[in-house]
1. Keeping to segment 414-432, report how many residues are within 12 Å of C336 (Cβ to Cβ) and more than 41 Å from the chain's Cα centre (by Cα).
2. Of all residues in segment 175-210 being touching a helix residue (DSSP H, G or I) at 6+ places or on another chain (Cβ under 6 Å) and outside any loop (DSSP other than H, G, I, E, B), which is farthest from G103 (Cα to Cα)?
3. Scan segment 1-46 for residues that are assigned to a helix (DSSP H, G or I) and among the basic types (K, R) and jot them down.
4. Closer than 30 Å to A286 by Cβ and more than 26 Å from the chain's Cα centre (by Cα) - does that describe any residue in segment 390-406?
5. Within the bounds of segment 367-379, is there any residue that is assigned to a helix (DSSP H, G or I) and either modelled with pLDDT of 90 or more or in contact with a helix residue (DSSP H, G or I) (Cβ under 8 Å, 6 or more places away or on another chain) (or both)?
6. Taking only segment 153-185 into account, find how many residues are touching a Ser or Thr at 6+ places or on another chain (Cβ under 8 Å) and under 22 Å from K209 (Cα atoms).
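The values are calculated or read from the model by the stated rules, or taken from the named source; none is laboratory data. Only a predicted model underlies this, so the values are computations on that prediction, with no experimental measurement involved. So basically every Cβ, Gly included, is an ideal-geometry build from the backbone, and we count neighbours across all protein chains shown.
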Amino acid sequence: MKNRLEIAKKLLTEDGVLIVQTDDKEQAYLKVLCDEIFGTAQFETSFFIQVRFDNKTLAEDSDLHKVIETIHIYSKNHSRFSTNKIKELYSIEKFCWQVEEIGEFETEYIGGKRVDIFKEGNYTIKKVNSNYDMLKETWATGSLIRQGGTAAEFLNKYLIDRKKIDGLKTLYKVYNMGEDGLGYRYITGPQKDKAIRGKFYSGIPLSIKNSVINGEHFKEIPIPNLIYNFLSYEREFGNCRSEGGVDIEGGKKPELLLKFLLEYFTNKNDIICDFFAGTGTTSAVAHKMGRKYIIIEQMDYIEDLIVSRLKNVINGDITGISKELNWQGGGSFVYCELKENAYPLIELVKSATEENIGKIKEQIFNDDRIVPYIRKEDLKKASKEFEGNSLDEKKKALITLIDKNKLYVNFSDIDDEDYKITESERKFTNSFYKGV
């Protein structure tokens, strides 16, 4: 993972993010590795996802039933990191309080503001049906009291200690305060002797009231990092076998989860890179959501799964998130394979038998695509030890010798005549990499 993460960091834009998922066995090691490569300042959050039903297990003899996996989020540069916060339609459900002045009051100037003081019995506060012209009740606690110029700060700074002067259950009408157009804010002091908190009552801010009435105003809220509290995915993880119109194993990431992540950490036309493409879920979701994508996979099921799945997406796939997005199909993708160099040597070793493994060993020993720091003299000395190993041990030893940096032809070697690059391959490669 280390070299892949290092490359991922280089590929990321300054406002880019790394999203990486693993189970509880590896997540702590993965986080330490990411901290080392990206820096602890770039760690943004971890999501905890329920991927299995807690009351369903096929391994009943297991002591522990693991239902949670972890997604770590790292930015390339924390100062450039941003999210598309969750948007909710502004609700008036809590605007259901009405304050009535029914008796005498005293007026004082407190903290530079005019304040009408209503003792208990000279006012009523009652709950009514929600309405655009009613008030919302808010406890003045926590971070609210540290926000300058607010009713919560005013209460904490000037009114809490007045219970000794004005008595308990006092209502304060503080003028020149609030954004609801009323011109004042109602604040209640402590209700009990030992209480140190109160409430305030506010209307819908005037600047958004019309759009709220018209159902056009949304508010943004932070993304919860415990996805289970927001969306539950254990059903989707179990039922994603036919997503994309191909046959995949249950337990793979469902499209709905990828949609959640791409929706809040990317925008349209952003480039999504997935260098463990697997069954192609990331590319399928990115395609449907209008993102560009580059996916990489080295398994031999690419054409059966990923290519087929993306063709189905283009043709109007109706599974996964298609209904939610009203996906109608369209678009295109480019599929290509790297030109092999030393990779066939690995396949040759894998297919070896006890009868021909010696011949293959000599071929590997004399090939210039083995790791450069191994000398021919050392290989000759190791021949006797090689003969005493099992077939599997021999295969592992030979594969270790092959230089993994030479598995495929590098773009920089496109003009090397030894690789016999055809003119059509050259033209396509240059166009793909936007070369000259």
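1. Summing the residues that are within 12 Å of C336 (Cβ to Cβ) and more than 41 Å from the chain's Cα centre (by Cα) in segment 414-432 gives 0.
2. F200
3. Kept after step one, since they are assigned to a helix (DSSP H, G or I), are these residues of segment 1-46: 2-11, 27-38, 40-42.
Once the filter is applied, which keeps residues that are assigned to a helix (DSSP H, G or I) and among the basic types (K, R), segment 1-46 yields K2, R4, K9, K10, K31.
4. So far as segment 390-406 goes, yes, one or more of its residues are closer than 30 Å to A286 by Cβ and more than 26 Å from the chain's Cα centre (by Cα).
5. Of the residues in segment 367-379, the ones assigned to a helix (DSSP H, G or I) are 376-379.
Now drop any that are not either modelled with pLDDT of 90 or more or in contact with a helix residue (DSSP H, G or I) (Cβ under 8 Å, 6 or more places away or on another chain) (or both), which leaves 376, 379.
Yes; the residues of segment 367-379 include at least one that is assigned to a helix (DSSP H, G or I) and either modelled with pLDDT of 90 or more or in contact with a helix residue (DSSP H, G or I) (Cβ under 8 Å, 6 or more places away or on another chain) (or both).
6. 4
Residue-by-condition table, conditions (1) at pLDDT below 90; (2) over 19 Å from T107 (Cβ atoms):
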| residue | (1), (2) |
| --- | --- |
| G167 | yes, no |
| V174 | no, no |
| I187 | no, no |
| Q191 | yes, yes |
| F218 | yes, yes |
| P224 | yes, yes |
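Residues are listed down the side, and each one gets a yes or a no for (1) under 30 Å from K380 (Cα atoms); (2) in contact with a strand residue (DSSP E or B) (Cβ under 8 Å, 6 or more places away or on another chain); (3) free of Cβ contacts under 8 Å to residues at least 12 places away in the same chain:
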{"site": "A277", "(1), (2), (3)": "no, yes, no"}
{"site": "K288", "(1), (2), (3)": "no, no, no"}
{"site": "Y293", "(1), (2), (3)": "no, yes, no"}
{"site": "D304", "(1), (2), (3)": "no, no, no"}
{"site": "G316", "(1), (2), (3)": "no, no, no"}
{"site": "G331", "(1), (2), (3)": "no, no, no"}
{"site": "V334", "(1), (2), (3)": "no, no, no"}
{"site": "A352", "(1), (2), (3)": "yes, no, no"}
{"site": "E355", "(1), (2), (3)": "yes, no, yes"}
